[in-house]
1. When you go through Ala143, Ala147, Ala53 one by one, which is the residue that is under 16 Å from the mean Cα position of the chain (by Cα) and assigned to a helix (DSSP H, G or I)?
2. What is the number of the single condition among (1) more than 19 Å from Glu34 (Cα to Cα); (2) at pLDDT 95 or above; (3) surrounded by 10 or more Cβ atoms within 10 Å (Cβ to Cβ) that Gln121 does not meet?
3. Go through the residues of the range 21-34 one by one and say whether even a single one is over 21 Å from Ala147 (Cα atoms) and either charged (D, E, K, R) or at pLDDT 95 or above (or both).
4. Looking only at the range 104-134, which residues are touching a residue at least 60 places away in the same chain (Cβ under 8 Å) and under 27 Å from Ser15 (Cα atoms)?
5. Out of all the residues in the range 105-124, is one or more part of a loop (DSSP other than H, G, I, E, B), closer than 18 Å to Lys69 by Cα and more than 16 Å from the chain's Cα centre (by Cα)?
6. List the number of the failed condition for Leu18; all other conditions in (1) loosely packed, with under 12 Cβ neighbours inside 10 Å; (2) assigned to a helix (DSSP H, G or I) hold.
7. Among the candidates Tyr63, Tyr88, single out the residue that is out of contact with any Ser or Thr (no Cβ under 8 Å at 6 or more places or on another chain) and of a type outside the set (Lys, Arg).
Amino acid sequence: MEGVEDLWLKFNEYSNKLATALGRTSNIVGEYAEYLAHKHYGGKLLEISGSSADLKTDDGKLYQVKSRKMKGTSSTQLNVIRSWDFDYLVVILFSKNGNINKAIEVPVEIAKEYGSSNSHQNGWVITTSQKFLTDPRVKDISAALSALNT
């Protein structure tokens, strides 16, 4: 059995390799989600400093990508949304093993309905409730992204 120290060193080795391969920030879960969305939609990843969108497709659509790696329940609070200046919110929930549990594409007007103002974080937050994840107006893209995640 490997010791905690060995696991720690291996974790950092592979985290650093993955961060380098993704080439943007050290938020590996978020960057990998953006990578998958980019593979799915095409287009161009936008500058990291942009607050409203992560991806712009060739037809001019803007996508904001939010993700979480889940340990149990599928209900979690996504990172703050600072602007609604995008066309679609893409939410990707990973299992603890890195598989895709759920991925949805949400039109911005529907995402706004689920956003709660958070003055402390200067934006809005969305909780991934069952109601949100199964809203009939959102598009489930779990299978498509899972195929890219193999």
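1. Working: Ala147 fails: under 16 Å from the mean Cα position of the chain (by Cα); Ala53 fails: assigned to a helix (DSSP H, G or I).
Result of the check over Ala143, Ala147, Ala53: Ala143.
2. The single condition Gln121 does not satisfy is (2).
3. Initially, the range 21-34 is screened for residues over 21 Å from Ala147 (Cα atoms), giving 23-27.
From what's left, either charged (D, E, K, R) or at pLDDT 95 or above (or both): 24.
Scanning the range 21-34 turns up at least one residue that is over 21 Å from Ala147 (Cα atoms) and either charged (D, E, K, R) or at pLDDT 95 or above (or both).
4. First pass over the range 104-134, keeping only residues touching a residue at least 60 places away in the same chain (Cβ under 8 Å): 126, 128.
Correct list: Thr128 only.
5. Applying the first criterion (part of a loop (DSSP other than H, G, I, E, B)) to the range 105-124 yields 115, 119-122.
Filter once more, keeping what is closer than 18 Å to Lys69 by Cα: none.
No.
6. Only one criterion is unmet by Leu18, namely (1).
7. Numbers: Tyr63 fails: out of contact with any Ser or Thr (no Cβ under 8 Å at 6 or more places or on another chain).
Result of the check over Tyr63, Tyr88: Tyr88.
The values are calculated or read from the model by the stated rules, or taken from the named source; none is laboratory data. Keep in mind it's a predicted model, so treat the numbers as computed, not measured. Neighbour counts run over all protein chains shown; Cβ positions are idealised from the backbone, glycine included.
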